[in-house]
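Engineer: Dropping the structure in here first, questions after.
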Amino acid sequence: MHRGFIKTAALLGALSVAIGAFAAHQLKGSISDFALEIFETAVKYQFYHVFALLATGILYKEFPNKLMLWSGRLFIAGVILFSGSLYILSAVKAALVPGYDWVGAITPLGGLCFILGWIFIFLGCNQKLKQTIKS
C-alpha cells in the first residue's frame with residue numbers, strides 16, 4: 001500500500017466534492033454555460049482520477065515497482081495539469097479576459113499524464129507477473 005497516494009487521493013477527492021458543490025450552487029447562473037461546462041469537465045476528470053490514484057495506492061502493496069510509482073505520480077500531475085488548466089481557463093472565460101486561451105494548450109499534457117498513468121498500471125501489474133513466471 002502506498003499511503004502517500006491514498007492520502008493524496010483522499011484530499012483530492014474532498015476537494016473535488018467541494019469544488020463541484022461550489023460550481024453547482026455558486027457558479028451556475030453567474031457565469032456563461034460555456035465556462036461552467038469547462039469547469040464541470042475539470043471536476044469530473046479530477047474525481048475520476050482520484051479513484052485511479054486510490055487504486056494505484058492500494059495496488060502498490062501487491063505490485064511494488066517503479067512503474068506503479070510513476071502511475072501514481074502521473075495521475076497527480078494529470079490532475080494538476082488537466083483539471084488545473086481547465087479551472088484557470090473557465091475563470092478566464094467567466095471574467096471575459098481576452099488573450100489567455102493559451103492556458104487551454106496545457107490541458108492535453110494533463111490528458112497525456114492520465115493516459116500514461118493508466119498504461120503504467122497495466123505495465124506495473126505485468127512486471128510482477130513476469131517476475132513470478134520466471135521464478
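The values are calculated or read from the model by the stated rules, or taken from the named source; none is laboratory data. Since the model is a prediction, treat every value here as computed from it, not as a measurement. Glycine also receives a Cβ, built like all others from the backbone with ideal geometry; neighbour counts cover every protein chain displayed.
Engineer: Conditions: (1) among the hydrophobic types (A, V, I, L, M, F, W, C); (2) surrounded by fewer than 19 Cβ atoms within 10 Å (Cβ to Cβ); (3) more than 11 Å from residue 2 (Cβ to Cβ). Residue 58 meets all but one. Number of the miss?
Structural biologist: Result: residue 58 passes all but (3).
Engineer: So, one more: Cβ-Cβ under 8 Å, sequence separation 6+ or interchain: first residue in the stretch 74-97 and closer than 20 Å to residue 17 by Cα, partner among the small types (Gly, Ala, Ser) and modelled with pLDDT under 95. Which pairs?
Structural biologist: Filtered contacts from the stretch 74-97: 85/104; 86/104; 89/104; 90/35; 91/35.
Engineer: Continuing with the same structure: Could you please tell me which pairs satisfy a Cβ distance under 7 Å, a separation of 6+ or placement on different chains, a first residue in the stretch 4-31 that is closer than 14 Å to residue 90 by Cα, and a second residue that is in a helix (DSSP H, G or I) and not β-branched (Val, Ile, Thr)?
Structural biologist: From the stretch 4-31, the pairs are 23/36; 23/39; 23/40; 27/36; 27/39; 28/36; 31/94.
Conditions tested, residue by residue: (1) surrounded by 15 or more Cβ atoms within 10 Å (Cβ to Cβ); (2) at pLDDT 85 or above; (3) polar (S, T, N, Q).
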position	(1), (2), (3)
92	yes, yes, no
96	no, no, no
107	yes, yes, yes
110	yes, yes, no
118	yes, yes, no
128	yes, no, no
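Engineer: Anything in the stretch 74-102 that is β-branched (Val, Ile, Thr) and assigned to a helix (DSSP H, G or I)? List them, or say none.
Structural biologist: Here is the first cut: in the stretch 74-102, the residues β-branched (Val, Ile, Thr) are 76, 79-80, 88, 92, 97.
Listed by number, the residues that qualify are 76, 79, 80, 88, 92.
Engineer: Return yes when residue 48 is out of contact with any His (no Cβ under 8 Å at 6 or more places or on another chain) and either of a type in the set (Phe, Trp, Tyr) or at positive phi (or both) and no when it is not. Don't jump to the end; show me each part of the working.
Structural biologist: On the way: out of contact with any His (no Cβ under 8 Å at 6 or more places or on another chain): yes; either of a type in the set (Phe, Trp, Tyr) or at positive phi (or both): yes.
Criteria met by residue 48.
Engineer: Ok, one more. Collect the residues in the stretch 22-53 that are assigned to a helix (DSSP H, G or I) and closer than 16 Å to residue 104 by Cβ, keeping them in residue-number order.
Structural biologist: Narrowing the stretch 22-53 to residues assigned to a helix (DSSP H, G or I): 22-27, 33-53.
Result: 34, 35, 36, 37, 38, 39, 40, 41, 42, 45.
Engineer: Before we move on, is residue 19 crowded, with 18+ Cβ neighbours inside 10 Å, at pLDDT below 95, in a helix (DSSP H, G or I) and in contact with a Leu (Cβ under 6 Å, 6 or more places away or on another chain)? I'd like the intermediate steps shown before the answer.
Structural biologist: Numbers: crowded, with 18+ Cβ neighbours inside 10 Å: yes; at pLDDT below 95: yes; in a helix (DSSP H, G or I): yes; in contact with a Leu (Cβ under 6 Å, 6 or more places away or on another chain): no.
When the stated conditions are applied, residue 19 does not pass them.
Engineer: Can you name every residue in the stretch 32-51 that is buried (at least 21 other Cβ atoms within 10 Å of the Cβ) and either closer than 17 Å to residue 122 by Cβ or not aromatic (Phe, Trp, Tyr) (or both)? Can you show your working first?
Structural biologist: If we filter the stretch 32-51 for residues that are buried (at least 21 other Cβ atoms within 10 Å of the Cβ), which is where we start, we get 38-39, 42-43, 46, 49-50.
Within the stretch 32-51, 38, 42, 43, 46, 49, 50 qualify.
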